[in-house]
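Peer 1: Encoded as structure tokens, here's the structure I'll be asking about.
The values are calculated or read from the model by the stated rules, or taken from the named source; none is laboratory data. As the structure is a prediction and not an experimental result, all values here were calculated from the model. We place every Cβ from the backbone using ideal geometry, glycine too, and count neighbours over all the protein chains shown.
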Amino acid sequence: MESTFIMIKPDGVQRGLIGEIISRFEKKGFYLKAMKFITVERSFAEKHYADLATKPFFGGLVEYIISGPVVAMVWEGKDVVATGRRIIGATRPWEASPGTIRGDFAVEVGRNVIHGSDAVESAQKEIALWFPEGVSE
Ligand code: ATP
Ligand code: MG
């Protein structure tokens, strides 16, 4: 079965959106396979967003991700990578439809509440990075 990596970013945690976000994935019918609450180091955040290293916002993005604890999760289900991205909504919250997480809870691209893997391959890489201890079946 397909899995994806979902992270509630520091603003989502600070604003008390953990339950709301987990609830949306659960009600959809996805299965929460692994979850942990952690604050990551700079080098780890840089690794997670390595593909964006040349972007002008990279430094600010890394500062944002290390600014407080995040909730790292693995969710499983049919087409969970693509469907998870639709539940999350567009990267820029002003383009995210109402009813999506970013459409309902975010206004700034630099504070967009949640991360979701963008492809099955990146999901596998991200799950291995964030859960090196493995994810039980
Ligand atoms: P994520 O990978 O966090 O799920 P995404 O896949 O929708 O988001 P990416 O292009 O991978 O979008 O960008 C990663 C993150 O970088 C965005 O979620 C956002 O927090 C930040 N970001 C993207 N573009 C900008 C920008 N122009 N200014 C500031 N931050 C940005
Ligand atoms: Mg991305």
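Peer 1: May I ask you to say which residue of G116, G77, G84, G103 is crowded, with 16+ Cβ neighbours inside 10 Å, away from ligand 1 (no atom under 14 Å from the Cβ) and either closer than 15 Å to R24 by Cα or among the polar types (S, T, N, Q) (or both)?
Peer 2: On the way: G116 fails: away from ligand 1 (no atom under 14 Å from the Cβ); G84 fails: away from ligand 1 (no atom under 14 Å from the Cβ); G103 fails: away from ligand 1 (no atom under 14 Å from the Cβ).
Going through G116, G77, G84, G103 in turn, just one is crowded, with 16+ Cβ neighbours inside 10 Å, away from ligand 1 (no atom under 14 Å from the Cβ) and either closer than 15 Å to R24 by Cα or among the polar types (S, T, N, Q) (or both): G77.
Peer 1: Let me ask something additional. So which of V71, V113 is at pLDDT 95 or above, on the phi > 0 side of the Ramachandran plot and of a type in the set (A, V, I, L, M, F, W, C)?
Peer 2: Details: V71 fails: on the phi > 0 side of the Ramachandran plot.
Every option except V113 fails the conditions.
Peer 1: Looking for whichever is near ligand 1 (Cβ under 9 Å from one of its atoms), over 14 Å from the mean Cα position of the chain (by Cα) and modelled with pLDDT of 95 or more here; the options are F44, F58. Which one fits? Outline the logic, then answer.
Peer 2: Working: F44 fails: near ligand 1 (Cβ under 9 Å from one of its atoms).
None of the other options fit; the residue is F58.
Peer 1: For G60, indicate whether it is without any contact (Cβ under 8 Å) to a residue 12 or more places away in the chain, farther than 14 Å from I87 by Cβ, assigned to a helix (DSSP H, G or I) and not hydroxyl-bearing (S, T, Y). Write out each step before concluding.
Peer 2: Working: without any contact (Cβ under 8 Å) to a residue 12 or more places away in the chain: no; farther than 14 Å from I87 by Cβ: yes; assigned to a helix (DSSP H, G or I): yes; not hydroxyl-bearing (S, T, Y): yes.
In short, no.
Peer 1: Of the residues that sit in region 21-66 and are of a type in the set (D, E) and exposed (fewer than 15 other Cβ atoms within 10 Å of the Cβ), which one is farthest from ligand 2 (Cβ to nearest atom)? Even if it seems obvious, please write down each step before you answer.
Peer 2: Quick first cut of region 21-66, residues of a type in the set (D, E) only: 26, 41, 46, 51, 63.
Now drop any that are not exposed (fewer than 15 other Cβ atoms within 10 Å of the Cβ), which leaves 26, 41, 51, 63.
Numbers: E26: 23, E41: 20, D51: 8, E63: 17 Å.
The residue in question is E26.
Peer 1: Then there is this: Can you name every residue in region 2-45 that is assigned to a loop (DSSP other than H, G, I, E, B) and at negative phi?
Peer 2: At the first step, the residues of region 2-45 found to be assigned to a loop (DSSP other than H, G, I, E, B) are 2, 9, 15-17, 29-30, 39-41.
Of everything in region 2-45, those that are assigned to a loop (DSSP other than H, G, I, E, B) and at negative phi turn out to be E2, K9, R15, L17, F30, T39, V40, E41.
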